[in-house]
Structure formats: C-alpha cells, structure tokens
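Please read the structure below before turning to the comments.
The values are calculated or read from the model by the stated rules, or taken from the named source; none is laboratory data. Predicted model only: the values in this text are computed from it and were never measured. Cβ coordinates were reconstructed from backbone atoms using ideal geometry, including for glycine residues, and neighbour counts include every protein chain displayed.
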Amino acid sequence: MTLELTDWDKDLPSEGDAEYQALVRTLKFTEGFGLLFVRCSPAEGEQIITKIKGDIVNKNIRVLRLTESVNNLYEIIENLDNKEQIKILFITGLEHSLYKYEECKNLTGWNSTNIYSYSWKGVPPILINLNQQRERFRDNFKICFVFLLPQFAIKYFIQRAPDFFDWRSGLFEFPIDPEILEQESLRYSLAEDYEKLLHLTPEQRNQQILEIQGLIAEEHQTPKRQYDLLIKLGRLQSAGQDYKQALASYDKALEFKPDNHDAWNKRGIALWNLGRYEQAIASFDKALEFKPDDHEACYNRGIALGNLERYEEAISSFDKA
C-alpha cells in the first residue's frame, strides 16, 4: 500500500494570518452579546468583512457603515430593520465622529497640547453616549458588535470610553499590509499646492492629520516615508495655523534627514510665524548651508531680518534671492 502524502498543512494560518484566524474563532463561538474591536485601515476593514462573510456562513452578518458624524449609536442600531436576526454587526466609520470632535476643539480655542491629547477632560459625544448606554447594549441586543477602527480611534476608546471598551471580548490588530502602507503613504506624501491645504475645512484637515500620524507610527514604515509624511504633516498644521505642532513635525523630520534644506526652510517659516525671528534666521541659515542657492530661504531670511529692523542685512539677503 502506497502512502499518499497530502498538503495537510496548506490551510494552517501563516504568522500574518493568525490574528484573522483568532478573530474568526471568536466570532464563531460568541453567542448573544459580544464586543470586539479590530484595529485596521478602512480598506483592510472591508477586506476583513468580505473574507469573514465567506468563512462564517451560518450566522446573519450585517454591516453598519457610518459616513458622517453621529452622537447616538444605540438609537441607530435600535432602528435597524430585522435587528433581532442579526448575529454579527460590523461597524465602520465611527472615526468620522472623532474627526468632527477634533474640529470642535479648534473652534472652541483649545491649545495644541489639548487638541492632540487623548486624555484631556473633554470626551467626544459619541463616546459619552456609548459609556452611558453600555448596559442597554448588553441587555437589549443579542448581537456581537465588531468595531473596525484606525489606531487613533482605538486610543480614544481606551482613554475616553473605558466603561464601554473594558467590556470587550477581544482586541485584534491588523497592521497595514506593506503594499497598502506604501500606497497610502505615497498618496499623502506627494507634493501638493499649499493653497489647496489652506482651503481644506478644519474637519478635512484634522482627518488628514490623524491619518498621517497613524501612517507614521505603522510598524513597517520606512524612514524615508516617515520623513515625507512628517513634512506633509507640518504643512497641514501650518495651514491650520498650528505652528508649534508644525515646528515639532519639522524637527522630527530633520532627525531622519538633518541635511535637508527644504525642512530647515519650512522650520524657519514656522518659527517666523511664532514670532521667534532670531531662531527663524538660524534655521534659514542652515537651509542655505546645505543649499546655498536656495532663493526661498534667502527671501524668508530677509523678511525675518526686516522684522528685527536689521534692514541692511535684509536688503543683502533679498539681493541674493
């Protein structure tokens, strides 16, 4: 009798697939109320949903896609058709409510530190509602809820919705696929007319800022792409007149490319906007050290010198420009 060798291991998960298999197992064995969080990009979230629908065919699976800011998620779910039949409900787009909250921070005059802090005393309305409604979710819905969220939104839940988040049955993390990471990074790091950035709404600008911060922190990100993304981040922050944060972004970018004249020039502009003219001049000087014919740095240096009433030096800098 001949022993037939089979590909007995072909369906075993690779290391990268282990998190997905753990998520599938949890969904299969969860009956009634459950609360899961999945950290992933929006594109990966859609891929995960499609794949799970193919792998779990004996449960009623629905998807709630939020495309704008909401305050009361319980009410939205309560009004879903045939909600009693739903066993697994994927929820995407909740981050839109957090983008809106970021906009409100700016409009109410919060400073930079508080705007970008997850642990300030303020709480987004959607998270207040979830904290308050958690018992009603458990008692009234026999559904396993799966929140698919980017990294920054998960941090918000951890810091500002602990009453709700601590009930989770699991947290599953899916770092962005290297190819998708490259594509997303390239999309944000491409040169863009500064005028276009100035015309973004506060919500659009904050959405980009938060997404770029997430891309910078990704595990497989390269130093070159981190530099490019930090420069774009600084430009967005400058467009929103958040010059302290822009300065911090340019300083971080210069850790990756300390000899880049463009970063030194943009850093000088941020310092100039903060009224720190001497430091701005020093930054423009560094730009010219690495690129002596940088006419923009010469011109900006002249403006800063004029602000200090060093007019002859300013004229000389303008002449050189």
Checklist line | Only listed residue being part of a helix (DSSP H, G or I) and modelled with pLDDT under 90, chosen from Leu186, Leu254 | finding: Leu186
Item checked: Conditions (1) modelled with pLDDT of 95 or more; (2) more than 22 Å from Glu184 (Cβ to Cβ); (3) surrounded by 15 or more Cβ atoms within 10 Å (Cβ to Cβ); (4) not hydroxyl-bearing (Ser, Thr, Tyr): number failed by Val70 -> (1)
Checklist line | Search result, residues across the stretch 202-231 that are in a loop (DSSP other than H, G, I, E, B) and modelled with pLDDT of 85 or more | finding: Gln221, Thr222
Check: So, in the stretch 164-183, of the ones that are in a helix (DSSP H, G or I) and either touching a Pro at 6+ places or on another chain (Cβ under 7 Å) or not β-branched (Val, Ile, Thr) (or both), which residue ends up surrounded by the fewest Cβ atoms within 10 Å (Cβ to Cβ)?
Finding: Glu179
Notebook entry, point to check: Could we say that Ala297 is in a helix (DSSP H, G or I), more than 10 Å from His261 (Cα to Cα), in contact with a Leu (Cβ under 9 Å, 6 or more places away or on another chain) and in the same structural domain as Lys266 (by TED's automatic domain parsing) here?
Noted result: no
Notebook entry, point to check: What pairs come up if the first residue lies in the stretch 193-208 and is among the charged types (D, E, K, R), the second is modelled with pLDDT under 80 and part of a helix (DSSP H, G or I), and their beta carbons are under 8 Å apart, counting only those six or more places apart or on different chains?
Noted result: Glu203/Tyr99; Glu203/Lys100; Glu203/Glu102; Glu203/Glu103
Check: Just one of Ser317, Ser283, Ser249 is of a type in the set (S, T, N, Q), at negative phi and within 25 Å of the chain's Cα centre (by Cα); which is it?
Finding: Ser249
Next item on the list: Show the residue pairs that are 6+ apart or on different chains and have beta-carbon atoms under 8 Å apart, the first residue being within the stretch 140-165 and closer than 26 Å to Asn79 by Cβ, the second being modelled with pLDDT under 85 and among the aromatic types (Phe, Trp, Tyr).
Entry: Tyr156/Tyr118; Arg160/Tyr118
Note to self: Condition (residue is touching a residue at least 60 places away in the same chain (Cβ under 8 Å), crowded, with 17+ Cβ neighbours inside 10 Å and assigned to a loop (DSSP other than H, G, I, E, B)) applied to the stretch 273-285: is it met by at least one residue?
What the structure shows: no
Next item on the list: For Ala246, state whether it is part of a helix (DSSP H, G or I), in contact with a Lys or Arg (Cβ under 8 Å, 6 or more places away or on another chain) and buried (at least 18 other Cβ atoms within 10 Å of the Cβ).
Entry: yes
Notebook entry, point to check: Of the conditions (1) surrounded by fewer than 23 Cβ atoms within 10 Å (Cβ to Cβ); (2) at pLDDT 95 or above, Ala263 fails just one. Which one is it?
Noted result: (1)
Next item on the list: Would you tally the residues in the stretch 81-118 being of a type outside the set (Val, Ile, Thr), modelled with pLDDT under 95 and not in a helix (DSSP H, G or I)?
Entry: 10
Next item on the list: Quick one: in the stretch 189-199, of everything that is hydrophobic (A, V, I, L, M, F, W, C) and not in a helix (DSSP H, G or I), which residue is modelled with the highest pLDDT?
Entry: Leu190
Next item on the list: Kindly indicate which of Gly302, Gly275 is modelled with pLDDT of 95 or more and on the phi > 0 side of the Ramachandran plot.
Entry: Gly275
